[in-house]
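Here the structure comes first, spelled out in C-alpha cells, and everything after it is commentary.
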Amino acid sequence: MRGSLVGTAVTLAAGAMLTAAMTTASAGPPDTSAAQVRSTQPVLVDCSFQRNVRPADFILACGDGNSRLLGLHWTEWSPRGAVAEGLNAVNDCKPYCAAGKFHSYRVTVRLDRPAPWKKDPGVDRFTRMRLTYENARPEGFDQVVTYPLWG
C-alpha cells in the first residue's frame, strides 16, 4: 500500500510539472499589440477609446460615420509623428445624410503632438491629425484640414 501511495504522489507531481511546463510553453510569441509598443510608439485612439498602431481604417465622424479614412498605408510611425496615404470617404449628405452618397478623396494623413493619454498616462497618444487632399476634396473643405484628436 505504501508503494502505491508513493507511486501516486510521484505521478501527481510529474503531472503538475508537465502542466506547468505546457502552460509556459503555450504562452506564444511576444505580444506586439499597441499595449506592448506603448513605451516607444504613440498610439491613435479611436471612437471606442481603443489603442491603434498603423490602422488600415479609421472613423473620423464618430457620431454618424459620415467621414472615414480607408486603405491607409503607413510610411512612418515614430515617437515624433506618423504619415500615411489613403482615402477619405465622405458622405455628401445630399439631400440629407441618410440619402447621401459617399465620395472618396486621396489624402495624406499626418499625426503629431504625442502626449500622455488621460485614460492611461503611461501611454502616449497622438493629439492632432492633418489631412492634405491631393487633388479633389469635399465641398467646403480646405486643401489641408486639421483635427484635434479625442482621448
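Bridging of Lys101 to aspartates and glutamates at a Cα separation below 15 Å is possible for Asp64, Asp92, Glu139, once same-chain residues fewer than 8 apart are set aside. With neighbour counts taken as other beta-carbon atoms within 10 Å, the residues Val43, Val107, Val53 rank, fewest first, as Val53, Val107, Val43. Each Lys or Arg adds one and each Asp or Glu takes one away; over the other residues whose Cβ falls under 13 Å from the Cβ of Arg137, this sums to -3. Seen from Phe49, the other residues with C-beta closer than 14 Å to its C-beta sum to a net charge of +2, counting Lys and Arg as +1 and Asp and Glu as -1. Between the stretch 107-146 and the stretch 40-57, the C-alpha centres lie 12 angstrom from each other.
In plain terms, the residue of Ser104, Ser67, Ser48 with the fewest other Cβ atoms within 10 Å comes first and the most crowded comes last, giving Ser48, Ser104, Ser67.
Every number here is computed from the coordinates shown, using simple stated rules; none is lab data. All figures in this text were calculated on a predicted structure; none of them were measured in a lab. So basically every Cβ, Gly included, is an ideal-geometry build from the backbone, and we count neighbours across all protein chains shown.
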